[in-house]
Amino acid sequence: MIVLGSTSEVAQAFVEKALQEGEKFEKIYLFTSNKETTERFARHIDVKFLQQSEVIELDLTKEIDYNRFDTINSNVLFCAVGYLGEGTEEGLYDNKNTQRIIDINYSKLVPVMNYFAHKFENRRSGTIIGLSSVAGDRGRQSNFIYGSAKAAFTAYLSGLRNYLFDKKVHVLTIKPGFMATKMTEGLPLNPKLTASPRQAAACIYKAFKKQNNVAYVLPVWSIIMLIIRNIPEFIFKKLKL
Amino acid sequence: MKPNFTQKVTNWGNYPVVEKEMRSEDSFKKIKDFVLNHNEIIARGNGRCYGDASLGESIFSTKKLNKFISFDRLNGVIECESGVLLSDVLEIAVPQGYFLYVTPGTKFISVGGAIASDVHGKNHHAEGCFSEYVIEFKLMTESGDIITCSREENSDKFWSTIGGMGLTGIILTAKFKLKNIESAYIRQESIKAENLDEIFKLFDESESWTYTVAWIDCLQKGKDIGRSILMRGEHAFQHELPQNLGKTPLRLKKKLQPTVPFYFPGFVLNALTVKLFNWLYYKKQSKKEVKNFIDYETFFYPLDAVNEWNKIYGKSGFIQYQMVIPKEAGKEGMKKILETIAKSGNGSFLAVLKLFGKHNPDAYNSFPMEGYTLALDFKVNSKLKKLVDQLDGIVQEFGGRIYLTKDSMSRSSLTNYLKNIRSSKFVSLQHKRIINNNS
Ligand SMILES: Cc1cc2nc3c(=O)[nH]c(=O)nc-3n(C[C@H](O)[C@H](O)[C@H](O)COP(=O)(O)OP(=O)(O)OC[C@H]3O[C@@H](n4cnc5c(N)ncnc54)[C@H](O)[C@@H]3O)c2cc1C
């Protein structure tokens, strides 16, 4: 398994869930921008599951040397890369913030995804799992820079799914709603709408096994987003969402 | 949206409830920043202490310190971060033929909490407290420095932290020994006792057993006082097991876990229902003596079988009153305690009696001392303070003490066995309460 964004609690919970369920991986490649935290996790899965892994530093805001990834091969890619940045109210006119959000969530991420997608295509097998966001379902005034990058990422995944379909590679888009993770710590989230990383991992694992195309982490989000997507624009623009 | 880290926090008894800052970090550097930037901090593991021990102005949750570090499968030595739960340890240890030397009645506690409370199990008379098997741990002190504590290195901090209720710093990681087992099953004998005399006699006769515990029906009066069931057990060897268990002796089948879905309304647990429960529990076993093999979960953690059973006590919460009375006076003291409870009509849903062996003098902050320990659950209501005060009086009279990790309202003279823990940085609500009571 290849994991992009290995410090993500959801990614880690997913790896554990898969191993608990008895999935076998020769090696798990843990890509990360935070070596220390990821090394802890690598040791953890070694102790717990005798699972071999390799920690590989990847900073999406810098130049990427793809030669380093030559020998990496696997049949599952799990991408949990995500960067929330400042919301629009505080960060809209801060170009650095905008650029970073777009880079990490989309523009610098997609080439890396493509690099591995190509390998999967050549092998004619595998699953690519991408964590997008409900924020990409419709732009809202509170975080639409992030939302727009996620919307682009969602569109990318859906196109990739279509493109890889007859090449025997499956692409799964996950749209988590609120999750109780580092990203949202200290924010006042409604507990009924908020999934723990463990819950999220269980949902994602199920969708992975069932070869779903698009899955919301908590089912209520599919209903909420159905409603939000269908509010007519002339009303939507007046809402404080 | 700006982060706001205050939230409602409460421990297992749902009493008291506070609204305080609670944070969790996973890098030692960030934990240091947290320590240096806050004045009154207390560590919190999984909140399974019942009362106010892990509550304070700024709560540091070890939830994110949840990684294993190493496991020496040959010698059964495991090292992990302090927020790892005993259930996580068992998950990897049992299939490898290892078990915890000491486990409390729930496996959902953290390793840090096990050290800070120096927990005991059903085998204290035979194998002592959790600390006996701790090799070393890393502690973050007031200055944010990380020190390694063991019997040799920083041994003063090692011993004051054991049973030190989080008041010496934050335990970050710990290394401890596991015991060998051949199977995940326990050879159990349960024996009914008609009264207190009989149960104490049974305890005496069972001294060579590794695990002993008794469930008391504590609403009985007069000659029936102390009506109970004693359970004693040993880890089963593979060759003893019946054939159906012996094939995969270290693997248990998965069970469904019911969850209590909401707080029960107050009237559910009144004196009558408690009486009924205890009666049923006692009657369930129709024979005087039953011998069988049961899996370790059922033997050690019967209460874990129902998730969130603490909600049964309703929103006002409950307390657990656990005391120890020195051995010589044990029987007399217990009798007085049970009589007082029966008279009060404030029934305890759960009453567990255990035997403690000798106190380890090095672990001076540990609760257990040689004698009998009784744990009782009481729903919080307006009459409870008075009952607790009466019980405290009896415990004091017999030279006993109260278990800090379950305490939230006892008098401080029963809890002030804690030594060498003065710190201006690490302060819990419990400690403040105890100090204020004293002055
Ligand atoms: C159903 C049930 C049965 C139980 N049975 C038993 C029993 O048989 N025997 C027994 O001894 N206990 C028993 N207990 C009590 C329980 O074992 C202890 O309260 C234990 O300490 C709880 O651990 P925790 O991780 O939940 O810690 P918390 O409840 O969060 O904290 C307990 C104490 O440990 C301190 N602490 C926690 N983590 C750290 C850390 N990393 N560094 C420093 N200090 C820390 C806290 O400050 C606090 O003082 C039982 C509890 C329940 C709910």
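What percent do you get for the relative contact order of chain B when only Cα pairs under 8 Å and 6+ apart count? Walk me through the numbers on the way to the answer.
On the way: 997 pairs, mean separation 83.7, N = 439.
Result for chain B is 19 percent.
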- Task: Would you calculate the volume per residue, in Å³, of the smallest convex hull containing every Cα atom of the stretch B:150-222?
- Result: 219
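By per-residue mean of other Cβ atoms within 10 Å, what is the highest-first order of A:95-104, B:350-359?
Values: A:95-104: 17.0, B:350-359: 20.7.
For the peptides A:95-104, B:350-359, the packing ranking is B:350-359, A:95-104.
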- Task: Divide, for the stretch B:83-218, the radius of gyration over alpha carbons by 2.2 N^0.38 Å, where N is the residue count.
- Result: 1.22
- Message: Treating only the Cα positions of the stretch B:1-118 as identical point scatterers, give the base-10 log of I(q)/I(0) from the Debye formula at each q in 0.14, 0.17, 0.18, 0.20 Å⁻¹.
- Response: -0.64, -0.88, -0.96, -1.11
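Quantify how much of the Cα-Cα distance distribution of chain B extends past 41 Å, in percent. It would help to have the intermediate numbers written out before the result.
Details: 12330 of 96141 pairs.
Roughly 13 percent, once rounded to a whole number.
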- Query: Which value, in debye to the nearest 20, gives the size of the charge dipole of the protein assembly as shown about its Cα centre, when Lys and Arg are +1 and Asp and Glu are -1 at the Cβ?
  - Reply: 2100
- Message: As a test of the formula, what do you get for the protein assembly as shown when each DSSP H run with n ≥ 4 contributes -39,500 (n - 2.57) and the sum is divided by the residue count, at 222 nm and rounded to the nearest 500 deg cm²/dmol?
- Response: -9000 deg cm²/dmol
- Message: Taking 2.2 N^0.38 Å as the expected size of a compact globular protein, what ratio does the Cα radius of gyration of the protein assembly as shown give against it, to two decimals?
- Response: 1.05
- Debye-sum result for the stretch A:38-118 in log10 I(q)/I(0), which assumes one identical scatterer on each alpha carbon, at q = 0.22, 0.24, 0.27 Å⁻¹: -1.11, -1.20, -1.32
- Task: Would you please give the residues with an amide H less than 5 Å from that of A:I128, counting only those at least 5 places away or on a separate chain, with H modeled from the backbone geometry?
- Result: A:L77, A:H170, A:V171, A:L172
- Residue-by-residue Karplus 3J(HN,Hα) for the stretch B:9-16, coefficients 6.51, -1.76, 1.60, Hz, glycine and proline x: 10, 8, 9, 4, x, 6, 8, x
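Using the count of nearby Cβ atoms within 10 Å as a rough guide to exposure, how do B:D392, B:D407, B:D304, B:D52 rank from fewest to most?
Details: B:D392 21, B:D407 29, B:D304 16, B:D52 24.
With the sparsest Cβ surroundings first, the list reads B:D304, B:D392, B:D52, B:D407.
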- Averaged over A:179-186, number of beta-carbon atoms from partner chains that fall within 10 Å: 3
- Query: What list of ³J(HN,Hα) values in whole Hz, one per residue of the stretch B:47-54 in order, does the Karplus curve 6.51 cos²θ - 1.76 cosθ + 1.60 (θ = phi - 60°) give from phi, with Gly and Pro shown as x?
  - Reply: x, 8, 5, 7, x, 10, 5, 9
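Could you tell me which GluC sites (Glu not before Pro) in the stretch B:178-234 are loop residues by DSSP with no more than 16 other beta carbons within 10 angstrom of their beta carbon? All intermediate terms of the calculation are to be shown ahead of the outcome.
On the way: sites: B:E182, B:E189, B:E194, B:E198, B:E205, B:E207, B:E234; in loops: B:E182, B:E194, B:E207.
Filter output for the stretch B:178-234: B:E182, B:E194, B:E207.
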- Relative contact order of chain A (C-alpha contacts under 8 Å, at least 6 apart) in percent is 18
- Task: In whole angstrom, note down how far apart the Cα centers of the stretch B:22-43 and the stretch A:126-178 are.
- Result: 36
- Query: Projected area of the stretch A:75-188, taken from the Cα convex hull and averaged over every viewing direction, in nm²?
  - Reply: 7.1
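Which value results when the Cα radius of gyration for the stretch B:300-439 is divided by 2.2 N^0.38 Å? The partial results should precede the final answer.
Numbers: Rg = 15.5 Å, N = 140, 2.2 N^0.38 = 14.4 Å.
Normalised Rg, Cα atoms only: 1.08.
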- Task: Provide the per-residue ³J(HN,Hα) series for the stretch B:312-318, in order, calculated from phi with Karplus coefficients 6.51, -1.76, 1.60 and θ = phi - 60°, each as a whole number of Hz, with x at glycine and proline positions.
- Result: 4, 7, x, 5, 6, x, 8
- Express the Stokes-Einstein translational diffusion coefficient of the stretch B:78-157 in µm² s⁻¹, to the nearest whole number, given a Kirkwood radius over alpha-carbon pairs, 25 °C and a viscosity of 0.890 mPa s. 181
- Message: Under 5 Å between amide hydrogens, which residues at least 5 positions from A:D94 or on another chain qualify, with H placed 1.01 Å from N in the peptide plane?
- Response: none
- Query: What is the antiparallel percent of DSSP beta bridges lying wholly in the protein assembly as shown, to the nearest 5?
  - Reply: 65
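Laboratory data are not the source of any read-out in this text; all were calculated from the coordinates shown. Since we're looking at a predicted model, the values are computed, not measured. Note that each Cβ is placed from the backbone with ideal geometry, even for glycine, and that neighbours are counted across all protein chains shown.
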